[in-house]
1. When a/c is below 1.5 the answer is rounded, else prolate if a/b is larger than b/c, else oblate, so apply that to the stretch 145-188 with a ≥ b ≥ c taken from the square roots of the Cα gyration tensor eigenvalues.
2. Evaluate E = 1/(1 + (r/R0)^6) for D108 and E183, where r is the Cβ-Cβ distance and R0 equals 41 Å; express this FRET efficiency to the nearest 0.05.
3. Which value in nm describes the separation of the simple spin-label points at A31 and A151, placed 7 Å from the Cα toward the beta carbon?
4. How much of the accessible area of the chain, probe 1.4 Å, is carbon plus sulfur, in whole percent?
5. Below 8 Å, C-alpha to C-alpha, sequence gap of six or more: please give me the relative contact order for the stretch 40-150 in percent.
6. Evaluate E = 1/(1 + (r/R0)^6) for N23 and H45, where r is the Cβ-Cβ distance and R0 equals 22 Å; express this FRET efficiency to the nearest 0.05.
7. Using a simple spin-label model with points 7 Å from Cα along the Cα→Cβ vector, what separation in nm is obtained for A144 and D16?
8. Let me check against my output: what whole-number percent is the relative contact order of the chain, with C-alpha pairs under 8 Å and at least 6 apart?
Amino acid sequence: ILRGRELGDVAVAGADLQQHAINLIRSLAEASAAQAGAGAEPPGHIIVAGYAPIKREVNCLPILASIQDVAQTALPVVVDRTLPLQFRAWAPGDALQAGAFDIPVPLDGAPWVTPDIMLLPLIGFDAAGYRLGMGGGFYDRTLADPVYRQAVTTIGLGYKAQQIDGLPHEAHDQPLDWIVTEEGSMSFAKERTA
């Protein structure tokens with residue numbers, strides 16, 4: 001049980017983590033706009049998918065609220081336990097409904113979107129950028145899907161204390177592009193395969 005100073009330390013670490021993530025997303029949005037050139041759409045043309053946190057996952061909803069001026073935001077939806085996640089547009093303040101596993105999801109009728117940046121929860125990660133999730137395989141299936149493998153920048157959100165030495169991974173596992181902790185952002189250059 002966390003008490004007193006420890007609880008305050010967690011709150012400070014969470015605020016630091018959120019600020020590092022916001023800075024990284026803004027930087028990626030600026031780079032995307034610069035790469036698009038003079039004919040680029042106005043800020044907000046990238047789509048950032050977050051998630052509704054469960055259990056002890058990092059709460060990314062304040063991050064999504066802080067980037068509304070540079071991105072459209074979305075949340076994942078489990079459409080079938082054997083398929084990749086799908087994403088519906090969602091903005092802070094929009095109503096949510098209970099989805100699979102009672103996880104909050106955007107309302108039916110919200111537009112389906114394909115994210116440019118995906119924030120992922122994790123319960124552990126290693127120095128090579130591999131993540132450990134809750135075990136359902138939803139993000140693994142999503143990141144293995146060709147639609148997402150080539151086009152999406154992945155950012156795992158967690159605390160430095162969640163780093164695990166020698167995290168096992170299988171041939172189909174994909175390292176994340178970035179992991180953000182309260183200490184900053186870690187980049188993992190990788191060759192994306194088709």
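The values are calculated or read from the model by the stated rules, or taken from the named source; none is laboratory data. It should be emphasised that the depicted structure is a prediction, and the values quoted were computed from it without experimental measurement. Neighbour counts run over all protein chains shown; Cβ positions are idealised from the backbone, glycine included. Just so you know, the surface numbers come from the protein's heavy atoms only, side chains and all, with ligands and any DNA or RNA stripped out. Shrake-Rupley method; radii C 1.70, N 1.55, O 1.52, S 1.80 Å.
1. Oblate is the answer for the stretch 145-188, as a/c is 1.5 or above yet b/c matches or exceeds a/b.
2. The formula returns an efficiency of 0.55 here.
3. Here the modelled spin labels are 1.9 nm apart.
4. The value for the chain is 54 percent carbon and sulfur by accessible area.
5. Relative contact order comes out at 27 percent.
6. 0.70
7. Reported label-point gap for A144 and D16 is 3.6 nm.
8. 21
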